[in-house]
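The values are calculated or read from the model by the stated rules, or taken from the named source; none is laboratory data. What you see is a predicted model, and the numbers here were worked out from it, not measured in a lab. Don't worry about glycine lacking a Cβ; one is built from the backbone with ideal geometry, like all the others, and counts go over all protein chains shown. Surface areas here come from the heavy atoms of the whole protein model, side chains and all, with no ligands, DNA or RNA. Shrake-Rupley method; radii C 1.70, N 1.55, O 1.52, S 1.80 Å.
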Amino acid sequence: MKILFLGNNWVGWRTAAFLKESGAQIVGAVLHKPEERKFGKELLETLGLDQGRIFDASMLRDSEVLDAIRSLSPDLGVSAYFGTILKKEFLDIFPEGCINVHPALLPFNRGAHPNVWNIVEGSPAGVTVHYIDEGVDTGRIIAQRFVEVRPIDTGKTLYRRLEKACLDLFEETWPKFLAGDVEVDHVVAGSGTFHKAADLKTIEEIKPNKLYTARELVDVIRARTFEPHPGAYMVLDGKKVFMRLELYYEDEDHGGD
């Protein structure tokens, strides 16, 4: 089976490495622009493709790019942490469809930053391997795994565990998928939750005069704790004052005196 790989980030790199190690035939890849790539060097080294088989994610509506991808005759698309919405003209290239691994327990947290909304909204966390359709994370579900949200989780610690769970689930599911030994479920239209990246702006400013429960305030701050990125903030004396939380269980050694 010929595969076109679409990916970014640590999960994209490690998924590509797993596919290569398992003997998959990756005939081409779609990557973000160099300045937008994470683990881009590792991805390129792992894929080992010449530049003529590497395509720019921002050019997937260009007819010449689509023709070049078609000329590779890929049977299946495999996406891992790829950040571009795919259109029908592209998806129609693959006779076996295009599958994706997403760090959410779909249909909850379709879209961006599932790790934040798991904490802020209390939605169930997990990871999903699913088919891609023209919607955003609305395709048929191939496999899922629940991930616990711990009381001491921050946005960063939950994100890291979701990354690991994505890779584990994909590696477990891939041979079953190839053997046709998976059950595919349809997502119920209108169910679950969806967030855009811009939705973070609706929660990350803490208003000094707004009433919060202690739980609401702690959850927003810990959900946005993801160093080195700025987190939740208050505006005091005309300046943003950023906040992060460190959380630990009472019986844990956290490096204090």
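Here Lys176 is the anchor, and the lysines within straight C-alpha reach of less than 23 Å, apart from those fewer than 8 places off in the same chain, are Lys2, Lys20, Lys164.
Each peptide in 245-252, 84-91, 98-105, 133-140 gets a packing score, the mean of other Cβ atoms within 10 Å over its residues, and the list from highest to lowest is 98-105, 133-140, 84-91, 245-252. For the chain, the fraction of 1.4 Å probe accessible surface lying on carbon and sulfur atoms is 50 percent.
Could you tell me how far the Cα centroid of the stretch 175-230 sits from the Cα centroid of the stretch 94-164, in Å? When both Cα centres are located, 9 Å separates them. If ligands, DNA and RNA are left out, what is the accessible area of Ser63 with a 1.4 Å probe, given in Å² to the nearest 10? Accessible area of Ser63: about 70 Å².
Computed on the chain, with alpha-carbon pairs under 8 angstrom and 6+ residues apart, the relative contact order is 15 percent. Using the Karplus relation 6.51 cos²θ - 1.76 cosθ + 1.60 with θ = phi - 60°, the per-residue 3J(HN,Hα) values for the stretch 65-82 come to 5, 4, 5, 5, 5, 4, 5, 7, 6, x, 8, 9, x, 10, 10, 9, 6, 8 Hz, with x marking Gly and Pro.
Relative to the dominant Cα principal axis of the chain, helix 9-21 is inclined by about 40°. Rolling a 1.4 Å sphere over the protein heavy atoms, what is the accessible area per residue of the chain, to the nearest Å²? Normalised by residue count, the accessible surface of the chain is 53 Å². Seen from all directions on average, the stretch 118-257 presents a Cα convex hull projection of 12.2 nm². Using C-alpha pairs below 8 Å separated by at least 6 residues, the relative contact order for the stretch 1-118 is 29 percent. Adding -39500 (n - 2.57) for every DSSP H run of four residues or longer, then dividing by how many residues the chain holds, sets the calculated 222 nm ellipticity at -9000 deg cm²/dmol.
Here the gap between Met59 and Leu178, fully extended at 0.36 nm per residue and compared with their Cα-Cα distance, gives a gain of 39.9 nm. Size descriptors for the chain (Cα atoms only): Rg and Dmax, in that order, 19.9, 63 Å. Scattering from the stretch 167-230 was approximated by placing one identical point on each alpha carbon and applying the Debye formula without solvent; log10 I(q)/I(0) at 0.27 1/Å stands at -1.17.
Computed over the stretch 150-233, relative contact order equals 47 percent, with contacts defined as Cα pairs under 8 Å that lie 6+ residues apart. Counting 0.36 nm for each residue step from Asp92 to Leu49 and taking away their Cα separation leaves a gain of 13.2 nm. Take the Kirkwood radius over Cα pairs of the stretch 1-103, plug it into Stokes-Einstein at 25 °C and 0.890 mPa s, and you get 184 µm²/s for translational diffusion. Surface calculation, 1.4 Å probe, protein heavy atoms: His229 sits at approximately 100 Å² accessible. Largest to smallest in accessible area, the residues Lys2, Lys240 fall in the order Lys240, Lys2 (1.4 Å probe, all protein chains included).
All other residues whose Cβ lies under 10 angstrom from that of His113 are scored, Lys and Arg at +1 and Asp and Glu at -1, for a net of +1.
Rounded to the nearest 10 degrees, the angle from helix 214-223 to the longest Cα principal axis of the chain is 40 degrees.
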